[in-house]
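The values are calculated or read from the model by the stated rules, or taken from the named source; none is laboratory data. All of these numbers come straight from a predicted model, not from anything done at the bench. All Cβ positions, glycine included, derive from the backbone under ideal geometry; neighbour counts span all protein chains shown. Just the protein is used for accessible areas: all its heavy atoms, side chains included, with ligands, DNA and RNA removed. Shrake-Rupley method; radii C 1.70, N 1.55, O 1.52, S 1.80 Å.
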Amino acid sequence: MPPTTAPGTFPTRLGIAILNLLLPHHRTTDPGPASAERFPHQLRQVADFVRDDAPVTFTLPAFPCKSPNPAKVLGHLPDQGERLSLGFLNALCNEIERIYPPGARMVVCSDGHAFGDLIRVPDEHIDAYADELRTLIGRSGLTRLSVFDLRDVFGDLPHDTQRAHLHKRYAPTLDALRAEVRADANTLALYRGITRFLVEDTADHTGTRSALQRECRQRAYGVIQRSRAWGDLIADHHPRSVRLSIHPQPVGAPKFGIRLLEAPDAWTTPWHSAALCRTDGTWTLMPRAKAAELGRLVEYDGRPSHFEQG
């Protein structure tokens, strides 16, 4: 008789236990906590790994590059926000190993090159950021993590050529995406969130704010197209993986939204902010300019790293 994932079977029970380790970090705009049973898609995926006695593989499109706005970040390279977030992801995999010996691994899918031209970050900054992520992972002994980016697919092709291949093969049409934004509340929220980030990240605009907002609304569609394309490419290269997201996701969605660090809203990430260590030792994320008002700058390895109160 073939294995089953019916309620009460061993793979499902263990899948529930594994998801229960993720649930405290669920990034969603839905009210109230949700039980693991309300995530049937993820339960099926985890149960497949359990049946094979294989490490659970998570893919997380994230860590693209730093915001180009100097009022939000300390520079174009990873800093304490990334160090803490990568450490959290590795620790989460270690927690899974404690209840499931094959453990888990996390593929960080660094997506900066997918839309670097649209968010107006130089490709050399994106390369440097992703390369430093790999260095941090190796130096910190984060053995559960690896980094995957467009260079792993297209090699040394020019970045514009890589983006063109990605868009042509995987991106939804603009008309289809516009229709989805009109019809689906979650896609509309994503579109508005990305538009807001694009407006905030444009530090050198000389025209009117309304003109900037119009331009960013157009670019936001392109960012979502490329993000969707990147997600489909990841699915092709990591077809069994459990898909995580740094964007808020509804309960039961095919992607599981995950919060990396404490932040004042559901959209703040380490690459759009700076880390602040409070007087009680806890960490939070906020724009660099605000963190500078609350704490003193701390350097690490000769570079600005974070802010510290007290």
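Hey, can you tell me all the residues within segment 239-254 that are within 27 Å of ALA274 (Cβ to Cβ) and either without any contact (Cβ under 8 Å) to a residue 60 or more places away in the chain or not small (Gly, Ala, Ser) (or both)?
Those that are within 27 Å of ALA274 (Cβ to Cβ) and either without any contact (Cβ under 8 Å) to a residue 60 or more places away in the chain or not small (Gly, Ala, Ser) (or both): LEU244, ILE246, HIS247, PRO248, GLN249.
Scan segment 261-297 residue by residue and report those that are farther than 27 Å from GLY112 by Cα and either among the basic types (Lys, Arg) or under 20 Å from the mean Cα position of the chain (by Cα) (or both).
Result: ARG278, ARG296.
Go through (1) free of Cβ contacts under 8 Å to residues at least 60 places away in the same chain; (2) of a type outside the set (Val, Ile, Thr); (3) more than 21 Å from GLY231 (Cα to Cα) and name the single condition ARG38 misses.
The failed condition is (1).
Looking for whichever is of a type in the set (Asp, Glu) and not in a helix (DSSP H, G or I) here; the options are ASP48, ASP30. Which one fits?
That would be ASP30, the only listed residue that is of a type in the set (Asp, Glu) and not in a helix (DSSP H, G or I).
Taking VAL108, is it closer than 23 Å to ASP236 by Cβ, surrounded by fewer than 22 Cβ atoms within 10 Å (Cβ to Cβ) and in contact with a Leu (Cβ under 9 Å, 6 or more places away or on another chain)?
Here the answer is no, as VAL108 does not meet what is asked.
Got a sec? Which of PRO55, PRO33 is modelled with pLDDT under 95 and not aromatic (Phe, Trp, Tyr)?
Within the list PRO55, PRO33, the selection yields PRO33.
Go through the residues of segment 102-110 one by one and say whether even a single one is over 19 Å from the mean Cα position of the chain (by Cα) and either acidic (Asp, Glu) or closer than 29 Å to LEU22 by Cβ (or both).
Within segment 102-110 (the criterion being over 19 Å from the mean Cα position of the chain (by Cα) and either acidic (Asp, Glu) or closer than 29 Å to LEU22 by Cβ (or both)), the answer is yes, since at least one residue qualifies.
Please work out which residue is least open to solvent (accessible area, probe 1.4 Å), limiting yourself to segment 260-287 and to residues that are of a type in the set (Val, Ile, Thr) and more than 17 Å from VAL199 (Cα to Cα).
Of everything passing the filter in segment 260-287, THR284 is least open to solvent (accessible area, probe 1.4 Å).
Mind listing just one residue for me: the one in segment 60-74 that is over 18 Å from ARG134 (Cβ atoms) and touching a strand residue (DSSP E or B) at 6+ places or on another chain (Cβ under 7 Å) and, of those, least open to solvent (accessible area, probe 1.4 Å)?
The extreme case among them is VAL73.
If we scan segment 205-218, do we find a residue that is open to solvent by less than 50 Å² (accessible area, probe 1.4 Å), closer than 23 Å to PRO270 by Cα and within 15 Å of the chain's Cα centre (by Cα)?
no
Go over the candidates ARG83, ARG51, ARG27 one by one and state the one that is charged (D, E, K, R) and closer than 19 Å to SER146 by Cα.
ARG83
Being more than 29 Å from LEU84 (Cα to Cα), touching a Lys or Arg at 6+ places or on another chain (Cβ under 9 Å) and not aliphatic (A, V, I, L, M) is the requirement here; does ARG163 meet it?
yes
Go through (1) modelled with pLDDT under 95; (2) open to solvent by 20 Å² or more (accessible area, probe 1.4 Å); (3) hydrophobic (A, V, I, L, M, F, W, C) for LEU297 and report which single condition fails.
(1)
Which residue, of SER227, SER146, is surrounded by 12 or more Cβ atoms within 10 Å (Cβ to Cβ), touching a residue at least 40 places away in the same chain (Cβ under 8 Å) and not in a helix (DSSP H, G or I)?
Just one listed residue meets the conditions, SER146.
Can you confirm whether segment 14-32 contains a residue that is touching a Leu at 6+ places or on another chain (Cβ under 6 Å), closer than 24 Å to GLN249 by Cβ, among the β-branched types (Val, Ile, Thr) and surrounded by 21 or more Cβ atoms within 10 Å (Cβ to Cβ)?
Taking every residue of segment 14-32 in turn, none turns out to be touching a Leu at 6+ places or on another chain (Cβ under 6 Å), closer than 24 Å to GLN249 by Cβ, among the β-branched types (Val, Ile, Thr) and surrounded by 21 or more Cβ atoms within 10 Å (Cβ to Cβ).
Across segment 153-191, what is the number of residues that are in a helix (DSSP H, G or I), exposed (fewer than 13 other Cβ atoms within 10 Å of the Cβ) and within 22 Å of the chain's Cα centre (by Cα)?
Within segment 153-191, residues that are in a helix (DSSP H, G or I), exposed (fewer than 13 other Cβ atoms within 10 Å of the Cβ) and within 22 Å of the chain's Cα centre (by Cα) number 1.
Please state which one of SER241, SER245 is open to solvent by less than 20 Å² (accessible area, probe 1.4 Å), under 18 Å from CYS65 (Cα atoms) and not basic (Lys, Arg).
Answer to the selection: SER245.
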